[in-house]
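Notes follow the structure.
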Amino acid sequence: MRQEILGYAGELKYLEAAKEDFEIARIKTELSQIRQALVERTDLHFLRKLHSWLLCGLLIIWVMAVWCAIALQGFGHIPFLFPRMSFNLSDPVLIAFITSTTASVLGLYGIAAYWRFGRHRKTKFIEADRLPEHDPLLK
């Protein structure tokens, strides 16, 4: 009888050690997932900032092109460089150019704002039913 009790005690120690090893492995896995998520968020943040500046530069150039077209339409030529060359767009063409450019600028900023500040998926590292107090393997 005493041998059986000692045998069960040895098995219990083995099971407790296995349980501790399992816990350590689970915590290491969760820690590596958290580290990976942090690296991904840092990279994504840098990428979003970079593309925001590139988009800003593109839109400044785009708006400057519209202003140049309006100035050329107003003066009818390039004032100091080519005074004899004429520039003339009909009113519907100029209105379409300004309207489409304005819509493009607003659309690009809307897309960039949604990409940068929109809804993001939530990452769960520990699900509620896998917490130690609810886990049947850890009891």
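The values are calculated or read from the model by the stated rules, or taken from the named source; none is laboratory data. Nothing here was measured: the structure is a model prediction, and the numbers come from that model. Neighbour counts are summed over all protein chains in view; Cβ atoms, including those assigned to glycine, are modelled from backbone coordinates with ideal geometry.
Data table
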quantity	calculated
Among residues of the range 93-117, those that are free of Cβ contacts under 8 Å to residues at least 12 places away in the same chain and more than 14 Å from Ala69 (Cβ to Cβ), counted	8
Cβ pairs under 9 Å, 6+ apart, first in the range 46-71 and more than 17 Å from Ser104 (Cα to Cα), second of a type in the set (D, E, K, R)	Arg48/Arg116; Lys49/Arg116
Qualifying position, being within 29 Å of Trp115 (Cβ to Cβ), part of a helix (DSSP H, G or I), modelled with pLDDT of 85 or more and of a type in the set (Gly, Ala, Ser), among Ala71, Ala25, Ala65, Ala17	Ala65
Sole exception among (1) more than 26 Å from Leu50 (Cβ to Cβ); (2) at pLDDT below 85 for Asp91, by number	(2)
